[in-house]
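Below you'll find the structure, written out as structure tokens, and then a few comments.
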Amino acid sequence: MTQTTVSTIDEFTLLNMAQAVRRAGVLCAGMDLAVFDTMADGPADAETVAARLDVPVRGARVLLRALAAIDLLKTDGERFWLAPGVDRVLVRSSPGWFGDILRHAVSRYEWDALGRLSDAVRRGGTVLDTNAETPDYPFWADLARTPTPHTPLVADLLADTLEPWAAGREHLDVLDVACGHGLYGYTVARRYPQARVRSVDWPSVLEHSRGHAESLGVLDRVELTPGDMFEEPLGGPYDLSLITNVLHHFSAERAGEMLRRLADVTRPGGRIGIVAVTADGRDPASDPVPHLFAALMLAWTHEGESHALETYRDLLTANGFGEPRLHEVGGVPLRLLLAERL
């Protein structure tokens, strides 16, 4: 994650921060209106683009100039064309199309939550009636459909790290609660043919989990279980329990309850894998992601936060697991914790 160091805060620095929302808005409009697809064949003026998009010329001209202002288009004053690289990542027909993932990063769900951050600070939690904890919240189905680029990297790290323990096992029963896209469990299943995975999540999410299991060739070894991870009977026992990118939605106490629940269905000598955005004690300016994420959790959940690595250690050791080991991929904000069921 690239971090710009600011030596002195002045008025212009603050204005630049505040204008980030405008840049994101212009990017989203460009994707929503398929401007980049429209211009993939070469330069065009505002009138031509307006006719292709069936929008007023004024609207097209303002948006095209704004896209040029943030370096996504180039212009000679009259005509506009795609900046280098844009055809690879922002044109839908390209194999490198990145737009669906960008929509998560500039999600309107997050905008709505962060727009009420001041109110959330006053309350100490979300003020939204519909939020990240709402059953079948549409954002989670969107995220399950299109995982971030970090996901396969961390999923491969999980499968690699399990190698000495998992490779020689006769069976490998895996539970993946709040599985989302399911790629962590399904990557393990693809790597280890003796693995079988039970995926638990909301019904709307599991529709996309099924697709990922099928694309990885493991659907015949996957059981999809709709329900709430705190309420649904989990069965078991399992050799490996996974809980990824979800404990930050809850207080440490509530996260501990979930870990105890997983300990109850994990075999002694088995493993638990946690994937999370975590704070590690560094100065926030040198590791901004978990702290900005914590602000989102404040605005989007009732008691969620980016729990510190030390908090996860305490929760695991207090709820039936041993000392966790930390595993990371360089440049990826997600961290993997693995611990043994005692």
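The values are calculated or read from the model by the stated rules, or taken from the named source; none is laboratory data. Quantities reported herein were computed from a predicted structural model and do not represent experimental measurements. Here the Cβ is made from the backbone with ideal geometry for all residues, glycine too, and neighbour counts use every protein chain on show. For accessibility, only protein heavy atoms count, side chains too; no ligands or nucleic acids. Shrake-Rupley method; radii C 1.70, N 1.55, O 1.52, S 1.80 Å.
Its relative contact order, with pairs defined as Cα atoms under 8 Å and 6+ residues apart, puts region 46-183 at 12 percent.
Summary value for the chain: 14 percent relative contact order, contacts being C-alpha pairs under 8 angstrom separated by 6+ residues.
Translational diffusion of region 1-131 was estimated from the Stokes-Einstein equation, with Rh taken as the Kirkwood radius over Cα pairs; at 25 °C and 0.890 mPa s the coefficient is 146 µm²/s.
Report summary: the helix-based calculation at 222 nm, which adds -39500 (n - 2.57) for every DSSP H run with n ≥ 4 and divides by the residues of the chain, gives -12500 deg cm²/dmol. Gyration tensor analysis over the Cα atoms of region 231-289 returns equivalent ellipsoid semi-axes of 27, 13, 9 Å (largest first, whole Å). The relative contact order of region 235-301 comes to 41 percent, based on Cα pairs under 8 Å that sit 6 or more residues apart. Straightening the chain between ARG22 and THR130 buys 36.4 nm, computed as 0.36 nm per residue apart minus the Cα-Cα spacing. Taking the Cα centre of the chain as origin and assigning +1 to Lys and Arg Cβ atoms and -1 to Asp and Glu Cβ atoms, the resulting dipole is close to 340 debye. Taking the alpha carbon gyration tensor of the chain, multiplying each eigenvalue by 5 and rooting it gives semi-axes of 40, 24, 18 Å, largest first.
Given the C-alpha atoms of region 160-300, compute the convex hull and give its volume per residue in Å³.
Working: hull volume 18.7 nm³, N = 141.
Dividing the Cα hull volume of region 160-300 by its residues yields 133 Å³.
Taking every full run of DSSP H in the chain, the ones that stretch at least 15 Å from end to end by Cα along their long axis and average 0.0 or higher on the Kyte-Doolittle scale are 20-32, 57-69, 150-161, 288-300.
For the chain, give the share of DSSP beta bridges that are antiparallel, in percent and rounded to the nearest 5; count only bridges with both residues there.
45
Largest first and in whole Å, the equivalent-ellipsoid semi-axes of region 27-89 read 15, 12, 11, each the square root of five times a Cα gyration tensor eigenvalue. Ranking ALA60, LEU172, ALA132 by how far each Cα lies toward the positive end of the dipole of the chain (charges on Cβ) leaves ALA60 at the top. Accessible surface for ASP76 stands near 90 Å², nearest 10, in the context of the full protein assembly shown (1.4 Å probe). Taking the centroid of alpha carbons for each part, region 87-138 and region 288-331 are 20 Å apart. Packing around the peptides 16-22, 274-280, taken as the average count of other Cβ atoms within 10 Å per residue, puts them in this order, highest first: 274-280, 16-22. What does the charge count near ALA178 come to, summing +1 for each Lys or Arg and -1 for each Asp or Glu among other residues with Cβ under 10 Å from its Cβ? So the surrounding residues net to -3.
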